[in-house]
Ligand SMILES: [Zn+2]
């Protein structure tokens, strides 16, 4: 149905139309499958990223029902995803400046990307540590509060309770991977200048990905997003990290030591 456009490598995202075509090609490379009726016969419409089902006539775009669903600044999102694959981990503020988009959109894009990557199972043993350990880096509540309190007052109230628990709890006596904690703290502080407790697990999912030294091609990352489900803004704003945060345990026998993290300028 879609001709194989090998020249349209996923490394050149110049326009939304081009990128949508590439997504269509990637999504239906094994053939079309109607998400409503399962029919495998469809007709590509003129825009070439929409397929009309031959059975039920439902029109499906290359992004509908995937993690790309509803993203307006798709080109910028694609570039941010590519940056993640290249190991360029940056703050929302820096990404907003680079891409010329507003900080709120940039923040949502990066949280969506973290959510997709957080759904990939960890390859290394991990430990659950109380968020109190990361207290020195949990300093950005006020800034992120502005982003989610306006739309989600209920979640905000839950977060206040969680922060109260955080402040009143005692330090865990459990044996903790000290070098990992140190490395995670420096990640949260040097890249983001601290994060909110509410979203800390998403940032640590990004950290885990770096520490595991995992590489993924942009094409595979795109495929992962295409297999994923839509992430709406409320999915992000309703997210609240558990009290115990999961990080990889490189002190576990046979694991690598935490890498020396190198980052560009923070905000
Ligand atoms: Zn159908």
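Nothing in this text is a laboratory measurement; each read-out follows from the coordinates by a stated rule. Note that the structure is predicted; figures quoted are calculated from it, not measured. Because the Cβ atoms are built from the backbone with ideal geometry, glycine has one as well, and the counts that use them run over all protein chains shown.
Under 17 Å from a point placed 7 Å out from the Cα of residue 86 along the Cα-to-Cβ direction: which residues of region 203-238 have their backbone N that close?
215-222, by backbone N distance to the label point.
Expressed as a rounded percentage, what relative contact order does region 35-119 have, with Cα pairs under 8 Å and six or more residues apart?
16
Please give the per residue volume of the convex hull enclosing the alpha carbon atoms of region 16-61, rounded to a whole number of Å³.
57
Once you put a point 7 Å from the Cα of residue 57 and another 7 Å from the Cα of residue 123, both along the Cβ direction, what distance in nm separates them?
Inter-label distance under the simple model: 4.9 nm.
Which of 124, 60 has the fewest other C-beta atoms within 10 Å, and how do the rest follow up to the most?
Neighbour counts put them in this order, fewest first: 124, 60.
Between residue 193 and residue 139, 0.36 nm times their residue separation minus their Cα-Cα distance comes to what?
18.7 nm
Rank the residues 40, 105, 215 as a footprinting-exposure proxy: fewest other Cβ atoms within 10 Å of their Cβ go first.
215, 40, 105
Run the numbers for residue 17 and residue 40: contour at 0.36 nm per residue of separation, minus the present Cα-Cα distance, in nm.
Computed gain between residue 17 and residue 40 is 5.9 nm.
Once you treat every alpha carbon in region 19-150 as an equal point and sum by Debye, what is log10 I(q)/I(0) at q = 0.10, 0.17, 0.20 Å⁻¹?
-0.49, -1.02, -1.19
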